[in-house]
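What follows is a short report on a single structure.
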Amino acid sequence: MNASVGWAQRAESIVPWRISRSSAGDLVAVVLGASVAVAIGAAVVVNPLLAVLPAATLAGIVLLVDARARILFLVFGGFLVLQSSDSLGSLKLVYLAGVFASLGGALFRFSQGEDRFARGLARPLMRVSVAISTLLVISLLVARAHGIPGTDSLRDIAPYVLFACAPVFAIDAARAVSHRALVRLLVSAGILATLSFTITWLEQRQIAQLAFSKFALSSFYLPAALFVYATASALHRNHHRIRWASLSVLVFALMLSTGTRQILILAIAPIVVVISARRRTSSRFIRLALGGPVAVVLMLSVAYVVLAATHASSTQITDRITILKNTGTPADASYHDRQAETRDAARIFYANPVFGAGPGTSFHWISANGTPTSAFVLDSPVDFPAKFGIAGLVVVAFLVVSYGSFLRSALRFNHPRTETLALAGYFGVAIAGSLLMTPLEDKGLGFGLILLLALVFRTWPPAAALPPATRTESGGSGIGDESR
């Protein structure tokens with residue numbers, strides 16, 4: 001018996017015919033990669049277009065199994081693909097398929113998670129996701145009944161789908177990505193979004209003639225997410241304050257150079273960050289009081305440098321300043337356009353009060369210069385009830401209450417910290433922005449929310465660090481840690 005065992009061990013050491021459990025995954029990856037390579041080669045011989053299918057299948061498998069690939073695909077893939085709202089092309093359909101593959105992988109991992117504490121805290125957000133998903137399904141049926149093309153409806157609900165999926169993707173990213181990597185992802189995506197926003201509006205308003213007018217998604221709320229996080233870091237942290245303050249100044253200045261009045265909403269973020277917690281309120285207030293005026297001067301200086309470097313038109317700059325001075329007066333053409341848009345949206349809402357006219361509804365109005373204009377996204381918050389009716393308003397009310405409940409829970413644990421202050425500031429900006437237009441129409445809102453929620457989940461304390469009563473109620477440990 002012993003001789004047989006010894007012989008088997010010697011044979012195993014000479015001929016490694018047995019595969020260990022640790023190398024099983026590598027073998028599967030090699031076999032899968034070789035199979036895909038053979039399939040691509042065969043497809044190229046038959047039809048070059050078919051070569052995309054095996055590669056797409058492999059990419060879908062990666063999104064299903066790798067949370068890091070999911071968050072990178074969602075943010076940067078959407079940032080590059082969703083830059084236009086004029087059509088629903090093949091790239092957007094591929095991205096949509098990737099989003100559903102990522103959602104499947106994230107939901108599976110969420111269902112397998114043992115973190116009942118974080119799952120319980122995220123329960124209000126998950127309820128909102130279910131409510132929005134239900135609303136979208138009903139609204140698609142309503143749009144079909146009104147004869148709206150399916151491509152227009154799908155194009156219109158894309159940002160709502162991203163927002164509904166945000167809590168799942170945030171928890172998924174928080175479990176797989178380190179705090180430092182999440183911050184770097186927010187900074188890189190936010191800087192790219194800021195540059196895209198600035199370039200798009202400088203060119204669109206003919207303030208400056210640039211080599212290109214758009215290279216990625218032009219969003220207000222993704223740069224806003226970076227701004228509020230940088231502001232919270234500058235006001236609350238005791239280290240790298242100058243670095244974060246400089247970043248917030250840069251973001252605000254670049255967006256300010258476009259002459260967009262919506263940018264002024266960002267001024268709410270520092271106030272919300274200061275008053276969102278009682279602890280260290282005085283230190284944050286003093287930093288804001290002392291650094292605020294300096295930041296304003298630096299913002300104006302950087303904006304001037306940007307305009308000078310792009311050889312901006314002095315005439316257009318003067319016009320934008322005049323528009324800012326005449327905001328809400330008879331001389332404000334933009335204000336009259338917003339009124340005309342609001343009237344048409346209200347007319348559609350009154351005709352379809354319960355469920356609205358459905359996503360993809362086209363609005364028509366006469367602009368201030370007498371030109372007939374149409375669009376499916378308006379600079380008015382009334383376009384949301386026009387599309388989704390009273391049912392949509394009920395879901396929005398439920399959204400506000402549920403996210404408020406979640407924010408109170410987040411502020412209850414290890415608060416204040418940069419992540420929770422930034423999330424509170426982001427909610428403040430979104431609420432203020434809803435007075436001008438529907439935040440849910442901005443695709444960048446979902447991306448910014450995913451990254452900020454992931455940082456909040458990542459920095460929630462483990463159950464061992466909580467008081468005994470809270471630990472018993474939660475029944476589990478937290479997702480992240482407090483490591484920086």
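Computed from the coordinates by the stated procedures, all read-outs in this text should not be read as laboratory data. Values in this document were obtained by computation on a predicted structure and should not be read as measured data. FYI the Cβ positions are ideal-geometry reconstructions off the backbone, even for glycines, and counts take in every protein chain you see.
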Quiz prompt | Where labels lie 7 Å past Cα in the beta-carbon direction, separation of Leu195 and Phe398 in nm | solution = 4.2 nm
Practice problem: Any chance you could check the Cα centroid distance between segment 330-408 and segment 126-195 for me, in angstrom? | Solution: 19 Å
Exercise. Residues in segment 402-441, backbone N under 18 Å from the label point at Phe285 (7 Å along the Cα-to-beta-carbon vector): list them, ranges by number please.
Key: 416
Practice problem: Just check segment 125-474 against the gyration tensor rule for me: Cα atoms, a ≥ b ≥ c as the square roots of the eigenvalues, rounded for a/c under 1.5, and otherwise prolate or oblate depending on whether a/b exceeds b/c. | Solution: oblate
Quiz prompt | For Met437, Met126, order by how many other beta-carbon atoms lie within 10 Å, fewest first | solution = Met126, Met437
Quiz item: For Leu72 and Tyr304, FRET efficiency with R0 = 45 Å and r from the beta-carbon atoms, rounded to 0.05?
Solution: 0.80
Quiz item: Tell me, what HN-Hα J-couplings in whole Hz come from the Karplus equation 6.51 cos²θ - 1.76 cosθ + 1.60 at θ = phi - 60° for each residue of segment 183-193, using x for Gly and Pro?
Solution: 5, 5, 5, 5, 5, 5, 5, x, 5, 4, 5
Practice problem: Go through segment 200-207 residue by residue and turn each phi into a ³J(HN,Hα) via Karplus (6.51, -1.76, 1.60, θ = phi - 60°); whole Hz please, and just put x for glycine and proline. | Solution: 4, 7, 4, 6, 5, 8, 6, 6
Exercise. Quickly rank 136-143, 425-432 as a protection proxy: mean count of other C-beta atoms within 10 Å, highest first.
Key: 425-432, 136-143
Quiz item: Val130 to Thr151: FRET efficiency via 1/(1 + (r/R0)^6), r the Cβ-Cβ distance, R0 22 Å, to the nearest 0.05?
Solution: 0.30
